[in-house]
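Structure first, commentary second.
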Amino acid sequence: MAALRRPLRACALTAATAALLVPQALTGSAAAAVTAEAATGPAAARGPRGVAAVTYDLGDQAYRLPGTGEPVEIAGTVHYPTDLGTAPRPLVVQLHGWHETCADRAAEEARSAAERAQDWEAFAAASVKLFSWPCAPGVRPIANDRGYDHLGEQLARRGFVVVSIRANGINAASVWGDENASARADLINRHLALWQQLSTSGRGGLAGAFRDAATGQPHHVDFRHHVDLNKVGTMGHSRGGAGVTWQAADRHKDQWPTGVKVRAVLALAPAYNVMTEDMTAYEITKTPVAVLRGTCDGQVGQEAFSFAADATARSTAGFHRIAIPGANHNYFNTEWSPESGEVAARDDAGHDPDRPGQCTEPGGTAYTPQLTEAAQRRVGAAYAEAFFRRYLGDDRRF
């Protein structure tokens, strides 16, 4: 792991020392719930009590990736306070990572059978169906953006407008490594440009595009002058973590839409191109960054921490590194978690039959009690809320 080179105000945290970031340490049974201060403190009492959710979808082929011409959608889910008030509210953009795009149950079963039989040609054929875009007629897309509804609702209750964007087209595309991070950053900027136009004038592609998230019926929300694009936070999970880091990097700020200012970046178990030699493409020097990773992550290793440390090595802003004991990779997203029953959902942690209820990194030897799906999401959401309230809401208790 790369050494942390940081001013004294920067923090390296584990769940056992979470009091540096949240008002109460999340250890033992407390790790399964949002801290009492975050849930019931004065700021929470002032926050809006009602939230609502809408979706928008401008098409599965709303634009084409530069160079490859592969289609990408413009779609997302929005959580917001029902009382938007009079002052503009900070915007948080959430971006999922690499995961299957199409809920093709037959293809999933065929892939599993092929893997057991070590028939790699059949495995590849089934994988193509699961990673198609757009999906085949009659096959619904996996709503990877909806996997963070729990976090969107929690942040909306604290006064944020939260947009979780879908990147299935990028997941199905042929772009990898730094090109994948760049494509995800471009997707974020395209959504931000739409929100800037909507908030400023009530016009643009999002005008009239909202639908109720529960019923799918058209739903009007007047976001004019209610979203503060000068206070934007980003959260990226897995490859989305590399995407938000690329998007916020010093080198790429000139690609932000006019009037947009990203002020906080949360990389959740970021997966990036380990062959990257020029880290200046990810370098962030003036924007606070937090990186979270579970100790039982079966997809992203300790390099998630060294990646974030290298990206912020010359930063003069806050840097927070958080290890969550017993957390894996997938449970942060409900669509990727087994209890959802969704295609391709699974527990990615490493297990030993002689250690029931415990987990580790695959091949690891340090076992810890595994968090349940709900508990892992509560812990992750507690850190995310504290981080964004600190740097977008200037709540210095966190």
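The residue of region 285-312 that is farthest from the chain's Cα centre (by Cα), among those that are surrounded by fewer than 23 Cβ atoms within 10 Å (Cβ to Cβ) and of a type in the set (Asp, Glu), is 310. Where helices (runs of 4 or more DSSP H) fall entirely within region 148-265, those with at least 3 residues that are surrounded by fewer than 22 Cβ atoms within 10 Å (Cβ to Cβ) and either assigned by TED's automatic domain parsing to the domain that holds residue 76 or at pLDDT 95 or above (or both) are at 149-157, 177-201.
Taking the criterion of being in contact with a strand residue (DSSP E or B) (Cβ under 8 Å, 6 or more places away or on another chain) and surrounded by fewer than 19 Cβ atoms within 10 Å (Cβ to Cβ), the only residue of region 369-398 that qualifies is 369. With respect to being touching a residue at least 12 places away in the same chain (Cβ under 8 Å) and either assigned to a loop (DSSP other than H, G, I, E, B) or over 30 Å from residue 224 (Cα atoms) (or both), residue 84 fits the description. Residue 285 falls short on exactly one of the conditions (1) out of contact with any Asp or Glu (no Cβ under 6 Å at 6 or more places or on another chain); (2) assigned to a loop (DSSP other than H, G, I, E, B), and that condition is (1).
Which residues, counting only those in region 322-362, are in contact with a helix residue (DSSP H, G or I) (Cβ under 7 Å, 6 or more places away or on another chain), farther than 30 Å from residue 289 by Cα, surrounded by fewer than 18 Cβ atoms within 10 Å (Cβ to Cβ) and not hydroxyl-bearing (Ser, Thr, Tyr)? Passing the criteria: only 339. Inside region 266-282, residues that are part of a loop (DSSP other than H, G, I, E, B) and closer than 18 Å to residue 179 by Cα make up a count of 10.
Residues in region 266-276 that are hydroxyl-bearing (Ser, Thr, Tyr) and either out of contact with any helix residue (DSSP H, G or I) (no Cβ under 6 Å at 6 or more places or on another chain) or surrounded by fewer than 24 Cβ atoms within 10 Å (Cβ to Cβ) (or both): 276 only. Taking each residue of region 361-373 that is on the phi > 0 side of the Ramachandran plot and looking for partners that are at pLDDT 95 or above with beta-carbon atoms closer than 7 Å, six or more apart or interchain, yields 363/350. Of all residues in region 126-147, those being in contact (Cβ under 8 Å) with a residue 12 or more places away in the chain and part of a helix (DSSP H, G or I) number 8.
The values are calculated or read from the model by the stated rules, or taken from the named source; none is laboratory data. Note that the coordinates shown come from a computational prediction; the quantities given were computed from them, not determined experimentally. Neighbour counts run over all protein chains shown; Cβ positions are idealised from the backbone, glycine included.
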